[in-house]
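The values are calculated or read from the model by the stated rules, or taken from the named source; none is laboratory data. Computed from a predicted model, the values in this text were never measured in an experiment. Here the Cβ positions follow ideal geometry from the backbone for every residue, glycine too, while neighbour counts run over all protein chains shown.
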Amino acid sequence: MPRVTIAIPMFNESQFIRDSVLSALNQGFQDVEVVVYDNASTDGSVEEIEGLPSLKVVRHAENIGALNNFKHAFLSSESEYFMWLGAHDVISVNYVENAVSFLHENSDFTAAFSQCYRIDAAGKLERELTESYYDFTQDNVVERYLYSVFSLVNCTCVHSLFRRDSLNNFTWPVAPACDKVMLSHILSTGKMAFLKDSAYYRRYFDNRTGINDSARMKRIAGSTADVNLSYADLIKEYCNDFRRCFHSDNVSRELDIGALAIQAFLKKRYAADLK
């Protein structure tokens, strides 16, 4: 069994997937498996990476949705450490080595991210993505969870390397912004570090900024799914996850207060989408 799994969920990324895969395969840390989970791409993405040594490719017969593809990638792994790599993103050669070394030496941390940079479609470096950095080192675990709910906007750190058992009890809700719930859940098991001297390069596309809400929900749920996703689902699942994470450590009143705070904050944040 490999110590690290790098999973790359993919849908129609023929222009960038080879660079993404090569950055994962060329890690200085050797005990790594790299697996691409193709979500029924139609643009020749799989053909771009055929024949690359040591690469595994899992092909879905139909588009099962971005969330289910992420979920399938995680549940198919057994490694001690796990990460999702964006199919149009790349990582520095020491990304895994730095993260594994830090987590091995710091048992109170459950995840490690790197410096993060925004690149354009051509791979040109635009700027450091400082808005992706957060302080998730609070000793009080409930405080850390709630802080993540109230602060998370940019969720690039979902691409951190984390201990796979931090998601063992996650319920994978089918809801928009599920990555926020996922990150908070991970933080309920430990702190997150932001490391220097390694890098995550996230690619942005000007022509993708105008995607409408309906198309975004379809991307999450899948092309054949008949699911009407709403932010009300997100609020419900966030409150449920909070209660599940802390039910054994806190009295009912404390759980109620925390859940109500989450509910009130998210209702205000997504007010326009709840009407």
Inset, instruction - Would you confirm whether any residue within region 210-223 is surrounded by 13 or more Cβ atoms within 10 Å (Cβ to Cβ), under 21 Å from the mean Cα position of the chain (by Cα) and modelled with pLDDT of 80 or more? - result: no
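For a quick check of your reading: which strands (runs of 3 or more DSSP E) sit entirely within region 83-199 and have at least 1 residues that are more than 24 Å from PHE11 (Cα to Cα) and aliphatic (A, V, I, L, M)? Step through it out loud before you land on a result.
Working: elements: 109-119, 125-128, 161-163.
It comes to 109-119.
Anything in region 31-71 that is on the phi > 0 side of the Ramachandran plot and touching a residue at least 12 places away in the same chain (Cβ under 8 Å)? List them, or say none.
Result: ALA40, GLY44, SER54, GLY65.
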Inset, instruction - Consider VAL21 carefully, then state whether it is free of Cβ contacts under 8 Å to residues at least 60 places away in the same chain and not in a strand (DSSP E or B). - result: yes
Legend entry - Checklist (1) in contact (Cβ under 8 Å) with a residue 40 or more places away in the chain; (2) over 27 Å from ARG144 (Cβ atoms); (3) assigned to a strand (DSSP E or B) applied to ALA7, failing item: (2)
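Rundown of residues vs (1) buried (at least 22 other Cβ atoms within 10 Å of the Cβ); (2) more than 14 Å from the chain's Cα centre (by Cα); (3) basic (Lys, Arg), yes/no style:
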site	(1), (2), (3)
ASP19	no, yes, no
VAL35	no, yes, no
ASP38	yes, yes, no
ASN69	yes, no, no
